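The values are calculated or read from the model by the stated rules, or taken from the named source; none is laboratory data. Since the model is a prediction, treat every value here as computed from it, not as a measurement. Note that each Cβ is placed from the backbone with ideal geometry, even for glycine, and that neighbours are counted across all protein chains shown. Note: accessible area is taken over every heavy atom of the protein model, side chains too, but ligands, DNA and RNA are not part of it. Shrake-Rupley method; radii C 1.70, N 1.55, O 1.52, S 1.80 Å.
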Protein chains: 2
Amino acid sequence: MENYQISLDAAFHALADPTRRAVLSRLTKGPASVKELAEPFDMGLPSFMKHLRVLESDGLIHSQKVGRVRTCRINAEKLAAAEAWLSEQRKHWQAQTDRLAGYVELEMIGRSEDGN
Amino acid sequence: MENYQISLDAAFHALADPTRRAVLSRLTKGPASVKELAEPFDMGLPSFMKHLRVLESDGLIHSQKVGRVRTCRINAEKLAAAEAWLSEQRKHWQAQTDRLAGYVELEMIGRSEDGN
């Protein structure tokens, strides 16, 4: 349970930055080299590498160096765990709003019957 | 677009902490007072209030004080936006893995036909 919480902390932390989210979006379409990933960003390579290191240490991507090229791949399981947590919350929230709507409806039926 | 990115930064930042996630989980089941929310945590009230302030400034909860009681409510739209972003990424990822699976299948059919 504690590991699960630490893993979610890391996933959400990594996601709280637009550059890191853009890199993840790119990697959902397939692996890419660091050079390809850095290209769309108006950012020095050292700053960009910091974001990649956060993504890798938070477990959202893997990278492997072959010769002079480092290739990055997404770890989709981590994204799936974050999505599953949010989806679980939505279910609770919807169940609660459905109960509330049901209650309001019953109240309105009650009032309309009182009025007859 | 920039506002959307800032809003996602804030949502994911708020979610990157187990206390804040637990508070959000509780609030999906209905509004609660600060006292009720703080009760399950082995944490001083000032530290707990810091988490509530992060949740409120990041837009994941609203709070209102009536008399001496401050009541918190979830802002489900923010959670929904974060979930929608993750769900979008999953779609790209699945499309990519489906294409890959299709390619492997074609390769295997090709090889088995070569073998006949």
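Which value in Å is the Kirkwood Rh of the stretch A:2-83 over different Cα pairs?
Over the stretch A:2-83, the inverse of the mean reciprocal pair distance is 12.9 Å.
Which entries in B:Lys29/B:Lys65; A:Lys29/A:Lys91; A:Lys78/B:Lys65; A:Lys29/B:Lys29 show an alpha-carbon gap greater than 27 Å? Don't jump to the answer; show the numbers that get you there.
Numbers: B:Lys29/B:Lys65 20 Å; A:Lys29/A:Lys91 29 Å; A:Lys78/B:Lys65 38 Å; A:Lys29/B:Lys29 37 Å.
Where the Cα-Cα span goes over 27 Å, the pairs concerned are A:Lys29/A:Lys91; A:Lys78/B:Lys65; A:Lys29/B:Lys29.
If I take every Cα pair under 8 Å that is 6 or more residues apart in the stretch A:2-83, average their sequence separation and divide by the length, what percent do I get for the relative contact order?
39
Over both sides of the B-A contact, add up the buried accessible area with a 1.4 Å probe and give it to the nearest 100 Å².
Its buried surface, counting both partners, is about 2600 Å².
With springs connecting C-alpha atoms under 10 Å apart, model chain A as a Gaussian network and identify which of A:Val104, A:Val69, A:Val54 has the largest mean-square fluctuation.
Fluctuation is largest for A:Val104.
Would you work out what percent of the accessible area of the stretch B:14-68, with all protein chains in place, is carbon or sulfur (probe 1.4 Å)?
That share works out to 52 percent.
Once both labels are modelled 7 Å past Cα along the beta-carbon direction, what's the A:Glu88-A:Lys50 spacing in nm?
3.3
With a cut-off of 13 Å, note down the residues of the stretch A:6-42 whose backbone N falls inside the zone around a label point 7 Å from the Cα of A:His62 toward its beta carbon.
Answer for this model: A:31.
In deg cm²/dmol, rounded to 500, what helix-only [θ] at 222 nm does the protein assembly as shown give when every DSSP H run of at least 4 residues adds -39500 (n - 2.57) and the total is split over its residues?
It lands at -23500 deg cm²/dmol.
Kyte-Doolittle mean at least 0.0 and Cα extent at least 15 Å along the axis: which DSSP H helices of chain A qualify?
Length and hydropathy pass: A:2-15, A:45-57.
What does the extension gain come out to for B:Leu106 and B:Lys29, with contour length at 0.36 nm per residue minus their alpha carbon separation?
Answer, rounded to one decimal: 22.8 nm.
Between the label point of A:Ala22 and that of the same position in each other copy, find the distances and list them shortest first in nm, with every label point placed 7 Å from Cα along the Cα-to-C-beta direction.
3.7
Using a 10 angstrom cutoff on alpha carbons, build the Gaussian network for chain B and name the most mobile of B:His62, B:His92, B:His51.
Looking only at B:His62, B:His92, B:His51, the largest GNM fluctuation is found for B:His92.
Enter the accessible area per residue of the stretch B:2-83 (Å², integer; probe 1.4 Å; all protein chains in place).
For the stretch B:2-83, the per-residue accessible area is 54 Å².
Considering protein heavy atoms only and a 1.4 Å probe radius, which residues within the stretch B:68-89 exhibit an accessible-area decrease of no less than 30 Å² in the full assembly relative to the chain by itself?
With the partner chains in place, the stretch B:68-89 has these residues losing at least 30 Å²: B:Ala76, B:Leu79, B:Glu83, B:Trp85, B:Leu86, B:Gln89.
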